[in-house]
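Report on the structure given below.
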Amino acid sequence: MKLQQLRYIWEVAHHDLNVSQTAQSLYTSQPGISKQIRLLEDELGVEIFSRSGKHLTQITPAGESILKTAGEIMRKVESIKSVAQEFCDERKGSLALATTHTQCRYVLPGVIQGFIEKFPDVALHMHQGTPTQISELAADGTADFAIATEAMELYSDLVMMPCYKWNRSILVPKNHPLAQISNLSIEELSSYSLVTYTFGFTGRSKLDEAFAAKGLVPKVVFTAADADVIKTYVRLGLGVGIVASMAYDQAVDTDLVAIDASHLFEASVTKIGFRKGSFLRGYMYDFIEMFAPHLTQEIIQETSYRHTKADLDALFKDIVLPVH
């Protein structure tokens with residue numbers, strides 16, 4: 001068994017079983033990859049991929065288990081490379097982030113600008129997606145860090161640390177009836193059509209919980225993962241918008257009124273995480289601390305040693321999170 005063979009099966013599985021595309025991405029030949037996969041299967045005595053003629057059709061049950069272990073091995077290999085790179089050139093490398101549109105658009109720009117100024121030789125890669133996609137990108141090593149608010153149960157393979165709290169604002173055009181109400185109630189809000197985040201995005205669960213607690217069902221007529229899209233449809237008169245307060249830009253959204261809704265909904269907490277057992281390079285610690293100043297290298301390392309939710313809660317119980 002060769003490390004190269006494990007890399008081939010891992011890459012083929014992540015290129016939708018397309019050997020030709022895999023060969024192009026690895027700058028090698030398609031017959032070479034096919035031969036090495038066959039040699040590995042012969043050595044192991046099981047098929048990793050099912051076939052129809054010359055084409056791979058699906059991953060076998062045995063292949064699923066083999067690929068899971070192969071993925072762990074490939075991640076360990078990358079960790080070894082990272083250790084070596086840290087000693088060769090601690091200010092050069094790459095950093096991949098997986099997060100949502102709201103983080104990319106409204107929270108990260110200033111952090112990334114400062115990071116690039118400090119580490120100009122580190123290549124940054126941004127991946128946007130759903131909570132499921134974000135967790136998978138971090139778990140399989142495509143992303144170094146996941147930044148998320150929703151569906152924390154998806155991130156059991158990651159060390160997740162709290163960064164900041166945030167709440168929501170109601171967005172309406174200036175001539176809307178709600179623009180004149182100073183202390184909006186959940187009952188008043190429930191009488192309007194709502195435009196907000198797709199379920200599973202950016203604290204949507206807190207919104208649904210608030211309505212359910214009053215025995216109400218929100219009239220959600222349009223959902224999107226992108227706050228800018230939500231604002232567009234509020235402007236078109238489709239409904240009342242509910243977005244993260246950070247998504248309202250006073251300089252740009254001059255035609256909209258933002259009504260504080262922090263008394264209606266429980267605050268959400270955005271977290272940043274990395275794979276358990278990962279080797280973090282120096283600039284990675286710097287990025288986390290620039291994003292969340294209370295997450296010092298000492299705290300991050302201590303977090304890695306905590307294995308239960310109770311241990312993690314105890315570590316962060318006295319830390320006052322900033323509010324966005």
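The values are calculated or read from the model by the stated rules, or taken from the named source; none is laboratory data. In this text, all values refer to a predicted model and were calculated from it rather than measured experimentally. Positions of Cβ are generated from backbone atoms using ideal geometry, with glycine treated the same way; all protein chains shown enter the neighbour counts. For the accessible areas, the whole protein counts, side chains as well, though only heavy atoms, and no ligand, DNA or RNA atoms are used. Shrake-Rupley method; radii C 1.70, N 1.55, O 1.52, S 1.80 Å.
Scanning the range 38-56 for residues that are in contact with a strand residue (DSSP E or B) (Cβ under 7 Å, 6 or more places away or on another chain) and more than 17 Å from LYS68 (Cβ to Cβ) yields a total of 3. Among the residues here, LYS68 does not qualify as open to solvent by 80 Å² or more (accessible area, probe 1.4 Å) and within 30 Å of TYR164 (Cβ to Cβ).
The set of residues from the range 104-128 being assigned to a loop (DSSP other than H, G, I, E, B) and surrounded by 19 or more Cβ atoms within 10 Å (Cβ to Cβ) comprises just one member, PHE119.
Based on what the data block shows, is LYS206 in contact (Cβ under 8 Å) with a residue 12 or more places away in the chain, charged (D, E, K, R) and in a strand (DSSP E or B)? No; evaluated as a whole, the condition is false for this residue. List pairs: first in the range 292-303 and outside any loop (DSSP other than H, G, I, E, B), second among the charged types (D, E, K, R), Cβ under 8 Å, 6+ apart or cross-chain? Taking only residues 6 or more apart or on different chains, the pairs are GLN297/GLU289. Can you name every residue in the range 37-63 that is part of a loop (DSSP other than H, G, I, E, B) and in contact (Cβ under 8 Å) with a residue 24 or more places away in the chain? Passing the criteria: only ILE48. The sole residue among GLN297, GLN301 that is polar (S, T, N, Q) and within 23 Å of VAL107 (Cα to Cα) is GLN297. For the range 19-42, the count of residues that are basic (Lys, Arg) and over 28 Å from ALA151 (Cβ atoms) is nonzero. Among residues belonging to the range 1-36 that are of a type in the set (Gly, Ala, Ser) and in a helix (DSSP H, G or I), point out the one that is least open to solvent (accessible area, probe 1.4 Å). Top of the filtered list is ALA23.
The set of residues from the range 265-296 being open to solvent by less than 10 Å² (accessible area, probe 1.4 Å) and polar (S, T, N, Q) comprises SER268, THR270.
On inspection, LEU154 does not qualify as touching a residue at least 12 places away in the same chain (Cβ under 8 Å) and touching a Leu at 6+ places or on another chain (Cβ under 7 Å). Scanning the range 64-91 for residues that are outside any helix (DSSP H, G or I) and touching a Phe, Trp or Tyr at 6+ places or on another chain (Cβ under 8 Å) gives GLU90, ARG91. The residues of the range 195-235 that are in contact with a strand residue (DSSP E or B) (Cβ under 6 Å, 6 or more places away or on another chain), within 21 Å of PRO177 (Cα to Cα) and of a type in the set (S, T, N, Q) amount to a single one, THR196. Against the definition (outside any strand (DSSP E or B), surrounded by 15 or more Cβ atoms within 10 Å (Cβ to Cβ) and free of Cβ contacts under 8 Å to residues at least 60 places away in the same chain), how does TYR233 come out, yes or no? Here the answer is yes, as TYR233 does meet what is asked.
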